[in-house]
Each structure stands twice: as C-alpha cells, then as structure tokens.
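What follows is calculated from the coordinates using simple rules that are stated; it is not laboratory data. Keep in mind the model is a prediction, meaning the values are calculated, not measured. In this analysis, Cβ positions are derived from the backbone assuming ideal geometry, glycine residues included, and neighbour counts consider all displayed protein chains.
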Amino acid sequence: MFSELKKLFTEKEYRLFLVLVLWLLIGFTMFQFKDFLPIWLGYVIFLPLLVICALLFIMSLIFRTNLKELTFKRTVIYCLIAAVIVIIFIYIAAALFLFLFFIAIISYVLITATFYMYTCYNYSVDLDEKINNIGGAGRGILRWGMFLGGTFISLIMMLIIVNLGIYWGRTTEEVQFSFGGMAIVMMVIMIFLLVVGIILLLRGKFNAWLGLFFLFACIYYLYLMISAYYILKSDGETAYDLGPRIAIYVFDVLLIIYTTTTLIGTKTEVLSEKLKFIKPDGVLMWLIFSKAAYEFAKGGIEGMNIAVFNAIAGLLLFVVLLFIAGLYGLNAYGKRQKVMKESEDHEDQIISQ
C-alpha cells in the first residue's frame, strides 16, 4: 500500500489521479460535515468532479485513451470539446450520465464490500506466510496461536455482537433491521469454515491464517453494523453524533486511499486483462467516479436514502462474501502449500544429488 501511495504522490503519470482523489476527499469532507459547512460548497466541488470523471471514463472505455499520458492542457481541451458535444446532444448526454451515475452507485457498494473482504483475507495470509518463513519451533507456536487465539477471540466477539444487535433491535424503534439475526448468520458461517479448516488440518493442511481472517472479519462487521445502525437510526441522514461521525469519516477516508492505491500498478492491469473491454486507467477512473457518485447521491440529493441502501446492502454482501472468500481461501491456500512443498522436495533432491 505504501509503495503505491508513494507512486500516487511522486510519479508524474499518476498526477491526474492524485488531483481527482484529493478533489474527491475534499468534496467528501464537505458533505460529511454539511451541518457545519455551507451545503453549496459540496455541490460546487462534486458536480464538476462527476462530469470530468464520467468524461474521462468514457474516453478510456470507448476511445481507448491512455489517461496516464494526458497532460493538463490536453485534459482541459478534451473536457472543453466534450462540453460542447454535451451541449449539442444535451438529452442523450444527460441520459447517458444518469445511467452511469446509478450504475456507479450500485457498483460502489459491491466494490467496497469486496475490498473489505479482500483486505481481511490478504493480510491474514500474508502474516501467516511471514510466520511460516521464520523456521524453528517458534513458527509452530506462533501459527497455532494465530489459529486458536484468533478463532477464540473472534467467536467471543461475535457473541458480543449478536447480543448488541439484539439489544438494539429491542430498544431502538427506528431500526427495523435484524442486526442480531445477521450476526448469528455470520457466526454460523465462521463455525462452518472452522469445521472445514479442522477437516483439512486432519489431512495435513494447516490453515493457520483462518483465525486471523475471522478476527479481521469481526472487526469489519462491527464497523459496518455500527455504521448501519447510526444511519438507520437517523433515517438515512448523516446528522448523528459527532463522535461516531468522525470515526466513520476517518475510516472512509482510509478506505478511499486504500482502494485507490491498491488498484495502482499491476493490480489494475490484471483486472483489466480479466475484464478485457476496459483499460487499467479506466478501472481506476471508474473507482473514483463511483465513489463520487455515491457520496453526491448520499449528501447532495434530498430524499434519496442511498446511505440506507449502502448500509444494508454492504452488510448483506459482506456476510455472503465471508462465505465465498473463506471457501476460496481454504482451497487456494491448500494449492499454494502443495506447490511450495513440491518446490522444497525438488530442491532437496537437487541437494542430495
């Protein structure tokens, strides 16, 4: 993450994305604290950002423009030409923009839920592999501690979360969503994955990362649940207590930075190869556009409770992704261990000869 963040700030080819990300963060801040700031500031910042991101995405998607090679002068010229075209074909352009706008909002919810789960899995496996490379007796102790300790703490946390969700449902009339029921479903999924992990352990495949994966998932689920609770309690508005709002704001800013930097470099190229129809720059531009569209809809369009949709959909998606990512991770880690073992056996054969 830090190497990609350094690229974003220091390398010239990412200057356009740096400007757009900083622009997004400023607009996000305006809407997040709109009770204390003039609301028109959010519109002034977000509307041009949405139009520019949409135009640049279309340029990347249809005209296959390499956005990293665009100079400031070219960007301004292209935007002026696009503005003229928009004025001439105003109805077609408006319909296209609205279509992209609503698709972006929906895709943002999917992107954030996926990145939450990706983070849980990625950090867990990376730490397990670092411990596994230590060697000696300490390696086994640390891996068992990760597996048993992480699992035990996670199950205790889930019991607390279940009780908290049930308590909220009984005491808060504004919140009709069953947080306790969703927490129970998540706990059942975790127990199922634990049973699968134990079965694989009996077959000689030790997925020590699973304990830490559960722990990260619990922390993220707790964040999503608290965020959803305050949003539902305030009927989708952001006018809830300042303390929780600041905490959620900081977390969201870190998530924007993390998702942006994660997609910089090789990851956008891999994703672009899988999608085929879109260039790496287009993937990154769509991420910025989708986040901007979501925040504008949440903070700038009255009566559109997009925050409620994101809170519920994000929570549901995260629970589903826990099951999918858990099974995928167990399978993928088993294959990785098999390849590593074959490589070690091959090296031992060479040494012995």
Taking r as the C-beta separation of ASN163 and PHE33 and R0 as 45 Å, the FRET efficiency to the nearest 0.05 is 0.90
PRE zone check, label point 7 Å out along Cα-to-Cβ of ARG336, amide N under 18 Å, scope region 179-208, hits 194, 197-198, 200-201, 204-208
Run the dipole for region 95-231 about the Cα centre, Lys and Arg Cβ at +1, Asp and Glu Cβ at -1, nothing else charged, and hand back the magnitude in debye, nearest 20. 440 debye
By how many nm would the segment from ARG245 to THR171 lengthen if fully extended, with 0.36 nm per residue of separation less the alpha-carbon distance? 24.5 nm
At 7 Å along Cα-to-Cβ for each site, give me the label-to-label distance between VAL76 and LYS12 in nm. 1.8 nm
Simple spin-label model, 7 Å along Cα-to-Cβ: LEU127 to LEU5 in nm? 1.8 nm
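For each pair in LYS34/LYS68; LYS130/LYS335; LYS233/LYS298; LYS130/LYS205; LYS130/LYS291, compute the distance between the two Cα atoms and list the pairs where it is over 23 Å.
Pairs exceeding the cut-off: LYS34/LYS68; LYS130/LYS291.
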Potential lengthening between PHE152 and ILE324 on full extension [0.36 nm per residue; Cα-Cα distance subtracted]: 59.8 nm
